[in-house]
Amino acid sequence: LTSEAVDRMDRVLENLMQYSRFQRAERRPVAVRELLSSSLANLEAELADKRIAVDWQALPDRLVAVDPLQIAYASENLLRVLVR
């Protein structure tokens, strides 16, 4: 129980540190498939523990104009909440 609480606090602190690094958004083309691949790779252990499989390969390879750091932060946090 204690290790779970410490892990959660560690994730919250890491999340705050990532968020604090954001500056003014710079829109650049970002490939959706690459973004999703990276976000899912960061959650690989949690997905394996819960035996969750995500079929994302069928997504079209589209570019979106967003800030790369901010969209990576948002997508990973969204996926993390969905996994939880």
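Quick check: is even one residue across region 5-24 under 13 Å from the mean Cα position of the chain (by Cα) and at pLDDT 85 or above?
Within region 5-24, the subset under 13 Å from the mean Cα position of the chain (by Cα) is 11, 14-15, 18-19.
Imposing the further condition that a residue be at pLDDT 85 or above reduces the set to none.
No - not one qualifying residue is present in region 5-24.
Residues that are in contact (Cβ under 8 Å) with a residue 12 or more places away in the chain and either out of contact with any Leu (no Cβ under 8 Å at 6 or more places or on another chain) or basic (Lys, Arg) (or both) within region 69-83 comprise Leu69, Gln70, Tyr73, Asn77, Arg80, listed in sequence order.
On the given criteria, is Pro29 touching a strand residue (DSSP E or B) at 6+ places or on another chain (Cβ under 6 Å) and open to solvent by 60 Å² or more (accessible area, probe 1.4 Å)? Against the criterion (touching a strand residue (DSSP E or B) at 6+ places or on another chain (Cβ under 6 Å) and open to solvent by 60 Å² or more (accessible area, probe 1.4 Å)), Pro29 qualifies.
The values are calculated or read from the model by the stated rules, or taken from the named source; none is laboratory data. These figures come from a predicted structure and were not determined experimentally. Cβ atoms come from the backbone with ideal geometry, glycine included; neighbour counts cover every protein chain shown. Ligands, DNA and RNA are stripped out before the accessible areas are found, and what is left, the full protein with its side chains, is counted by its heavy atoms. Shrake-Rupley method; radii C 1.70, N 1.55, O 1.52, S 1.80 Å.
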